[in-house]
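None of the figures in this text is laboratory data; all of them are computed from the coordinates on show. None of these values were measured; they are calculated from a predicted model. Ideal geometry is used to build each Cβ from the backbone, glycine not excepted, and the neighbour counts take in all protein chains shown.
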Amino acid sequence: MMNKRYLIGPLLVMLLMAFLPMDSIGQDAINWVSIEEAETKAAEDGKKILVDMYTDWCGWCKRMDAVTYTDEKVIAYINENYHAVKFDAEQKDPVEVVGHTFNFVPQGRRGYHELAASLLQGKMSYPTTTFLSSDFKLIYNVPGFMDAGKMGNILAFTQEEAFKHTTFPEYVADKNKAN
């Protein structure tokens with residue numbers, strides 16, 4: 001006779017699989033694409049673009065990678081609703097978007113990329129999360145580290161286009177009242 005304990009595990013897995021949406025299974029990472037790919041894809045499907053503006057020396061950028069961009073809810077929401085781009089604000093490779101070529105500008109020991117300067121409107125702060133419309137127009141920038149909770153709220157606020165009629169603090173307060 002088979003021990004009942006050995007049957008419970010596989011039965012539990014089968015039950016969970018039956019009730020989980022299939023598109024949420026296996027999403028263990030954000031589908032990062034290049035800025036050029038994001039521009040093309042967004043023009044085709046109308047999704048907004050999220051740009052994680054970072055540098056390789058930025059400690060808070062690394063913290064966001066480790067804490068925020070590994071959160072299952074953040075991953076699922078971004079993958080479903082955005083084209084996500086990781087953009088090194090000091091990268092040396094030229095980038096061509098919106099019919100313009102953006103280049104690296106050497107300055108001091110480091111330098112900056114013209115696209116980063118353009119999207120950040122000269123406010124070179126890292127990390128900064130940049131939101132663009134599907135036609136590559138700047139919606140707004142959110143400078144600084146965000147934990148998964150704040151990122152989730154910002155993602156929904158942007159996706160729902162609540163920024164067109166309310167402030168972020170009001171949006172969060174209303175959302176908290178509803179829960």
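Report the dimensions of the stretch 23-178 along its three principal axes from the alpha-carbon atoms, largest first, rounded to Å.
Answer, in whole Å and largest first: 50, 35, 35 Å.
Would you order K175, K47, K123, K164 from fewest to most other beta-carbon atoms within 10 Å of each residue's own beta-carbon?
K164, K123, K175, K47
Where in the stretch 116-148 does the amide nitrogen come within less than 18 Å of the point 7 Å from the Cα of A156, taken along Cα to Cβ?
So the set is 146-148.
Going 7 Å from the Cα of D147 toward and past its Cβ, which residues in the stretch 27-60 have a backbone nitrogen under 18 Å from where you end up?
Inside the label zone: 60.
Averaged across orientations, what area in nm² does the convex hull of the alpha carbons in the stretch 117-179 project?
Reported value for the Cα convex hull: 4.8 nm².
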